Structure formats: structure tokens, C-alpha cells
Amino acid sequence: MENAVQQINNLSIGFTSKKGEQISILKNITTNIKKGETVGIVGESGSGKSTLALAMMGYVKQGLYTISGECLFHSNDLLRMKDKDLEDIRGRKIAMIPQNAGQSLTPNLKIGYQIDEALKLHTDLKIQDRNKKISELLNKVRLPSPEIMAQRYPHELSGGQQQRVAVAMALAGNPELLLLDEPTTGLDVTTQAHVLELLNFIAKDTGTSMVYVSHDLGAIAQVSDRVIVMYSGQIVLDGPVRRILKNPIHPYTSGLLKSIPKLTLPGLPKSMSGSQPQPGTITKGCSFYDRCELAEMNCSNNSPELEYVKNLNTSVRCFKHKELHEKIDKDENLVTSIENTILDKEMLGLSKVSISYAKKKFIDQLLNKESDDNPTVKDINLNISKGETLALVGESGSGKSTILKSIAGLLKAKEGNIKYENNKILPNELKLRDPNSLRAIQLIFQNPDESLNPNHTVEQIVSQPLKLYFGLQGEKLKDEIIKVLKKVRLGEFYLTRYPRQLSGGEKQRVAVARAFAAKPDVILCDEVTSALDVSVQAAVLNLLQELKKDFGTTYIFVSHDLAVVRAISDRVAVLYQGRLCEIGPSKNVYNFPSHPYTEVLLGAVLEPDPDIKPKLVAEDIVEEKPPEKGCSFQGRCPRKVGEICNSEVPPWQIGENGNAIRCHINIDELRNLQK
Amino acid sequence: MELQVEKPKSNLFKIYEIISTMASRPSGLIGLTILLFHVVLAVTSPLYAPHDFKAIDPSLMLLPPSSEYWFGTDSLGRDVFTRTILGGRTALTVTFFGSIIALLWGGALGIFCGLVGGRIDDVVMRIIDAFLSIPWILAMLLIVSLLGTSTIVLIPALGFFYGKGIVRVARAATHDVIAKDFIVSARARGHGNLSIIWNEILPNVRDAIMVEGAMRWSWMLLGFSSLSFLGFGVSPPTPDWGLMISNARGLMSFAYWAVLAPIVGLSSLIIGINLTADAFAKALGIDRSTKAPV
């Protein structure tokens, strides 16, 4: 391989367990990165993708060691190199861009100084040249007014800008290979689209080889030329991006693709059963055997080798790839569309709700004056019927979680009221609510690692609401816990387990079980799937939908992911800076005409298809405060009409299908503009 | 797919597990051995003490170590070996119960302040700060001279002064968990503060508080011995290391044995408790000595 920048041969990395067994995290990885190529490494958490990316820098995490194989960078084995020699390569030849740029930048040093440090270390430039180079780099990553930017501290930049600075620092040494570890995962959808576009540009402009590690097939599709799919420490599929994402010939990849909700295909995607095996548990046979629909006897006894299929230019680790290749185009029922029975009974009603985080100043308190006339969330009117799923959508800072907290009573609404079950006003403080209304509204959180007490067993976790609301004890309590766990498809033997002994999906099931144990009328779901892998996400969404069918529960579903929202909700409310922009039946919100902000959001959605490019219609500026008057979206709106947007709050306009849009542009005109 | 069914572990088994993990490191094993040795010695020493600890005999003054008097005799002709093996009894008992009191009130107040926050927290913590700024030994001397040196006075007094630090640790540990979603979830369900403390916070901060308590124990031992050294701890003729060191220090140049034995006793016990506490922390997964990951 002459033009390979990096060549990895038969690499295995692992650790020695307490019992003294050798357990591999990476198993016999053989691949190469060519000059100028962008390779996407995709896999779910625990697949070993980050370990592989770190090994490409010659770094093996503490506790792990190289079992066999080599990682050659221009025929030097990085894994056996002296630290001193490695220092010359890292940064100069191979650079890494970490996941969270905000945490990887030193908070008390100016941006310019930090880039200068990288330049000092990795180049031989003189001071004057370095200053010029800093501006040049910041320009290259498209940060506005580089001279001013260089004087700022990291906290003065938004997440997207911080990520750009990280890219600039990585480019300082003019590396041949750029490693990116989930560089856009923490970013908002619109920012993510912009950063990916920048990376594409840099790859073309500098000819740098890139390795893009991500769990997000959508992002991978946008940047990569070649995709490597990892499962349980092995490469299962390796080939050109279109080949992999359009007709995958490995059952794991096709299952993964099927479980991603897509905007073009409304409805709940199929989920893959089971979860990735723990390292060291699979001793013989295919590691995907347990979850594979095509598995047969042969698969459980023999491990398939990575086989190169010449006419497809793809390597695959499956005995049955030919079959998969042939049957691929048959259109199956990929999604189940949801049908909810919505009763004509109002479950929750929010009228004119405003929420403010600002603390009253002492002087204002004395004068009994309202201090904050520009609250975080303002003027929210929402009605939710029994059995409905209402989704709240928006980027970070849009106030969607704030609204949920206020409904749950955790945050005091400043103005307005929340009505429950036809006109019963809920007190806005938790202490004043009666037990029955507390029971009726339950929350499910984003991250089950945080929402489950790590020192409680599953039994203790699920028993909390049962003891509190129904006063159950002893045998009765235990029976009820088992019954609830069965509903979320967890067996009795989970009772004695601790959260750390469960997989991500199982943990979220326990959280769902805890919410349902209270027999609630309304469940508030706060980004419940965004911490989960895609295959698990589909399973949780399906579970929520089944439970809804059984109990007629009403959901309020908060998410930043438009495709997920499209899959599960009846109605969608789009929020920007704590103000409603658009609300309507979900099938209409996703059709034009729509609010310019919805248009921006829809444009930035990344589909796992390299041929569908995101549309970048608005700048990815981050606004910290909602504007004091006028339309909330005035600062970023690509369709701003003029002064009126800055001065007047736009009126509600109702489209022919019942979706309401808050914009100064006439709805018919919007339709023409967005065609 | 076969599923492994785990049997719930009994508390006794958990304790066994923790102790065996502690003993699996050399430092933990050494610490546990020293501590165990001292505890056994303290419990059983009256049974085999070779001489009467309070028998004064001027003819036996300051004898060097011999087969009859293993560690020699002190300035009043008492057997140093007998007094050394008996000398840890009071110190160990007083400080053990003292640290439990420190643990209880410090932990409870710390968790409460961490949970409630706001003005109450501010006021309580400033009071704690004020107490921290008073040299404890002066305050102890005051208390002891007013109320006497009985263990009924010493245990709560030491417990109070060594609990102040635990308040801070418990409060910080509470702050770590208080923002987690499972607390928010419990609040949203409508649990009261007591239930949240007992069910949600305590299991998560218990380890940190217990390790801190174990560390305080060794400091308290040193503190108690200092009091004895100054003549405010154990009253003679009851043997005590601090007191023995104090009595024999002037004769150190020609009767080193009379001061050496209690010093070895006291410092080995403190080292033993320290090593045990460190191993305990490691076994619970609270490692205070590891470097930041590179």
C-alpha cells in the first residue's frame, strides 16, 4: 500500500480481567487509511471505535495493552514507538479533535494564545509569522473577525465556535491525518450541519486524510468517502459510503439503518432486539449471532472472517452476505405508523405561561417591582387532549425542558396557569399540589445513568412510587413491581440488579417502569432517547408506543431530533428562545409552508444517505437571550422582511391543515417562497 | 439466551467482600493487621499483664529492659511493658465512640445543609467556619477544666470538635448528587426532604462520610493523646500513652525505654488506622491518591 497514510495490521487491544483472562476490546483489526481519504468509523457505544481511533495516534488507554498487531504510520509502528518520537508525530503529523471542545480548551487562556501554543510546538514559525498564521487558521475555520476572536476566552464562544477553534488548533501543525472523535455529538442540529460542511471543505482544501468516529450514521454519511462499521470490537463491514449506507450487506448495518427514524418515512422504525455482547463473553461463533435474523447453526459455531467482495469493493464479516445483497431491494414494512385514540377531553392546558430564571434584585423586591420583563419562556398556550402525544421541538435554549419542569411543578411559572383535567388549576409549587395530581404527572429523564439512583436495586427504584402513592407493602408490593417490570419487558430476575449491571436500554426501561408504576395520566418525556444508541432508541420508542396503547397515557415528548418526533408524535410545537413558533399536527408541520425556523431545522436534519445534503439556510449564531420585542427568530431568520420583525410580535396564522404559524409573512406567500 | 440470575448479596457478605478487597493490597493488609493487633491487645491485655500497672516500687526505678521487665521500668518503678499494653485501652475506646458521634452529627448536618441550601446553609456553614477558626485544643482544655476529664465529657467533646470537618465533606458529597436527575425525580414524585435524605442521598454519600470518619479517628487519637500529654485526658494512675510520654520525656537521655515503648504503641496505632482508612476508601472505590487520567 503505497499511498496509505496509515496501515493497521491484525491489531488486537485488550485487558486482563480480575480472573486473569485476557479479554480483547479490539479483535484483529486490519485496515488502512489512504491519502486524502475520509473514513467514517461507525458503531454503537462499546464497539471499540474510540479505542481504535486512539490507537491510530499510538495511544492505548490505561489498563489496556496491545495484544498483537501493529499500527503503521508511514511504516513506523506507533504502538511500539518511544514516547519522545511519538511526541514529534502527534500534532505535527496526526492531530486529534476531541468530542467536547468546550472541555478540551483551557478556560483561562485566550483562544489566540492556545492556538499559538500549538503553533510553537508543531511548527518552526517566528512570532510575526505565527500571529499571521493564527488569523489565517481562524479564517479557515470560518470564524468571523479572527483578530477579535483570538482575544476571546473559550467561554465567550458558543459550542459550535469552540469546536471550530479545536479544528483550527488541530490544523496548526498541518497534519497528514486528522482524527475526529464524535466532533459534533454535543452540538445543535443546525450547528452540526455547519461544522460538518466545514470539515468537508477542509478535507478538500488541504487534502488531509480524516478519520471520523461517530455513532451517528447521518453525520458519517455527510463526510465520509469510506465507512467502517464496527461491532463488538471487530470490523464487520468496510466499503464505499454509498455501498454501505444504501445497500448494506451485513445484517447489523441493515438493522441499524432500519432502526433510524427518518423524516421521509413517518412512523416508528423497527427495533433490533438484544444488545451488544460484553467484551469477553463471546468465545465462538459470530458475535452478532444473538441478534441476527438470518442466523443459523453455522453462525453459532464458526466465526466468519472478514471477506473481501471484489465486485462491491467491500469487506464483510458474514456468511450470508450474498443472500443479503440479493434480497436487499425488496421493500418491507419498514415502519409501523402510529395510531392514537385521542379523546375529546383536555388533559393539560397551559395558558399564557411565562417562566423566568432571573432572581429578583433586592431593590426590586423592596419596591415590589417585576425585575424581568423578558423571561426565558413567554406566553405559552398549549392544550393537550387525553391520549395525545404532543412533541416540543427546538434547539438547546429553546425552553422545552423548562416548560416540562414547570408542568411537573419543579419550576415556578411566573405568570399564567396550568390546568389539569378540565379546568382544575394546578398550583405552581410542588408543595401545594395534592398527591393525586403529583401521581398523575410523571417524568422520564434523558439520561438513565443520572435518573436512577446508582445505589438502589431495580426493585427499590420501582417500589418508590408504589410505596408513596399506593402505600403498598410486602408481598403485594413485590407482585406489583414484577407486574410493572413485565410491562416494560423485563423479567423478574432484574429485581436484585443495580443500574450499573444493566445496559443503556435496560436502564431506560427501568426508568419507564418507574414512571408507569404511578399509573399516571400524563408522562413528560425529556429527551428520553437522545442518550441511547439508535437500535435501543427504536426499541424504547416502540415500548412507549405500546404502553400508550395499553393505558391511553398522554405524552409530552421533548426532543431536538425532528425525525424521532415525527415518528412518535401526533402534534408538534416548535419553540425558539422560549417562544412558540409553530404548532400543528405533525404531518403538517413537516410539510411546507412552515415557520422559517422550522424550515431551518428541517433543512439541517442529517439523513443517513450521502446523497441528501443538509440545506444550510441560516447562520449558526447562538443567541443567548431572547430579543426584547418583535419576533423571537429575528436574529437568525433567513426570510426576515424588515423592521416589523424587530418591533412587533408576529400574529398567529392558521394554515388550511390546522397548523398555526407565527410569522409576519403571509402564509400563502410563505408557501410560494418555500416551494 | 441464558440469563444469569444473581442472588442478592447479604450485608454480611458485602462486609466480607470489602474486607477481603482491603486485605488484597499490601498496605491494606499491614494496616488491618496493626489495627486488629491493637484491638485484640486492648481487649485481652488485662488477662496477661505480667505486673500490676500501679505498683510503685522506688527500688526498681528506671531499670533497663531485662527478662523480668521487658521494656524496663519508669521513674516510679512501674513495669513499662504492662503499662504499654494497657495504655491504648482508654484512648481506643474514647476515640472510637468519639468518631462515631462525629460521624453521626457531622454527616447529618452536612447532608441537611447540602440539601436545603440557601440561607440556612449559609448561616450553619459560617458557624462551622467560626468554630474551625478556634484552636480546638484551647476549647477542649476549657471544657475539660470546667466539666472534668471523665469519658462522659471527653467522648462528646471530641466528637463535636472532630465532626466539624465531616460537615464539610458530607455537604460536598451531597452537592455532588443533589443535582442528579434521580433527586429531581424523587422531588417531582412528591417525596419529602427526610425521605429524599434517607432513600436517595444517604446511600450515595455514606461511603465518603465513612471514609472521612475513619480518617478522623486517627486524628482524634492523636488529639486525645495530646490532651493526656498535657494532663487533661486520662488521669493517673490509669496507664495511657500520652501520659506516659509526658512523664518520661524528661528522662529521655538516660531512660529512653520508658518513652520509646508508648511512642511506638501510639504511632503504630495511628499508622494502622490511616492505612486501613486508605484501603477502605480504595475498596469502596473512593480513591484519593490516583492521578488524573492522561
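Given the criteria touching a residue at least 40 places away in the same chain (Cβ under 8 Å), of a type in the set (Ser, Thr, Tyr), over 30 Å from B:His175 (Cα atoms) and open to solvent by less than 60 Å² (accessible area, probe 1.4 Å), does B:Thr44 qualify?
Considered against the rule, which asks whether it is touching a residue at least 40 places away in the same chain (Cβ under 8 Å), of a type in the set (Ser, Thr, Tyr), over 30 Å from B:His175 (Cα atoms) and open to solvent by less than 60 Å² (accessible area, probe 1.4 Å), B:Thr44 comes out as no.
Please work out if B:Pro237 is open to solvent by 50 Å² or more (accessible area, probe 1.4 Å), within 17 Å of B:Gly87 (Cβ to Cβ) and not hydroxyl-bearing (Ser, Thr, Tyr).
Taking the combined requirement at face value, the residue satisfies it.
Kindly indicate which of A:Asp550, A:Asp570, A:Asp611 is under 20 Å from A:Ile407 (Cα atoms) and surrounded by fewer than 23 Cβ atoms within 10 Å (Cβ to Cβ).
One residue alone meets the criteria, A:Asp570.
Just one of (1) surrounded by fewer than 24 Cβ atoms within 10 Å (Cβ to Cβ); (2) touching a helix residue (DSSP H, G or I) at 6+ places or on another chain (Cβ under 6 Å) trips up A:Ala172, so point out which.
(1)
Among all residue pairs at least 6 apart or on different chains, which show Cβ distances below 7 Å where the first residue, located in segment A:85-101, is in contact (Cβ under 8 Å) with a residue 40 or more places away in the chain and not assigned by TED's automatic domain parsing to the domain that holds A:Val165 and the second is of a type in the set (Ser, Thr, Tyr) and open to solvent by less than 70 Å² (accessible area, probe 1.4 Å)?
A:Pro98/A:Ser104; A:Gln99/A:Thr185
Show me the helices (runs of 4 or more DSSP H) entirely contained within segment A:192-262 in which 1 or more residues are open to solvent by less than 10 Å² (accessible area, probe 1.4 Å) and within 17 Å of A:Val167 (Cα to Cα).
The helices (runs of 4 or more DSSP H) meeting that bar are A:217-223.
Which ones in segment A:55-103 are touching a helix residue (DSSP H, G or I) at 6+ places or on another chain (Cβ under 6 Å) and either over 27 Å from A:Pro279 (Cβ atoms) or charged (D, E, K, R) (or both)?
Selection gives A:Gly91, A:Arg92, A:Ala95, A:Ala101, A:Gly102.
Out of the helices (runs of 4 or more DSSP H) lying entirely within segment A:1-120, which hold 3 or more residues that are modelled with pLDDT of 85 or more?
Qualifying helices (runs of 4 or more DSSP H): A:49-55, A:83-89.
Take B:Arg249 and decide whether it is under 30 Å from B:Ser66 (Cα atoms) and more than 10 Å from chain A (Cβ to nearest Cβ).
yes
Hey, A:Gly603 hits all of (1) within 14 Å of chain B (Cβ to nearest Cβ); (2) surrounded by fewer than 23 Cβ atoms within 10 Å (Cβ to Cβ) but one; which does it fall short on?
If we test A:Gly603 against (1) within 14 Å of chain B (Cβ to nearest Cβ); (2) surrounded by fewer than 23 Cβ atoms within 10 Å (Cβ to Cβ), just (1) comes out false.
Restricting to segment A:24-42, count the residues that are more than 27 Å from the chain's Cα centre (by Cα), among the polar types (S, T, N, Q) and on the phi < 0 side of the Ramachandran plot.
4
Looking at segment B:107-142 only, could you name the residues that are touching a helix residue (DSSP H, G or I) at 6+ places or on another chain (Cβ under 6 Å) and open to solvent by 50 Å² or more (accessible area, probe 1.4 Å)?
Across segment B:107-142, the qualifying residues are B:Phe131, B:Leu132, B:Trp136.
Would you confirm, using the coordinates I've provided, whether B:Ser67 is closer than 28 Å to B:Ala255 by Cβ and open to solvent by 70 Å² or more (accessible area, probe 1.4 Å)?
Taking the combined requirement at face value, the residue satisfies it.
Restricting segment A:616-675 to residues that are among the small types (Gly, Ala, Ser) and open to solvent by less than 30 Å² (accessible area, probe 1.4 Å), which is farthest from A:Leu143 (Cα to Cα)?
A:Gly655
The values are calculated or read from the model by the stated rules, or taken from the named source; none is laboratory data. Quick caveat, the model's predicted, so the values are computed rather than measured. Here the Cβ is made from the backbone with ideal geometry for all residues, glycine too, and neighbour counts use every protein chain on show. When the accessible area is computed, the model is the full protein with side chains, heavy atoms only, and any ligands, DNA or RNA have been set aside. Shrake-Rupley method; radii C 1.70, N 1.55, O 1.52, S 1.80 Å.
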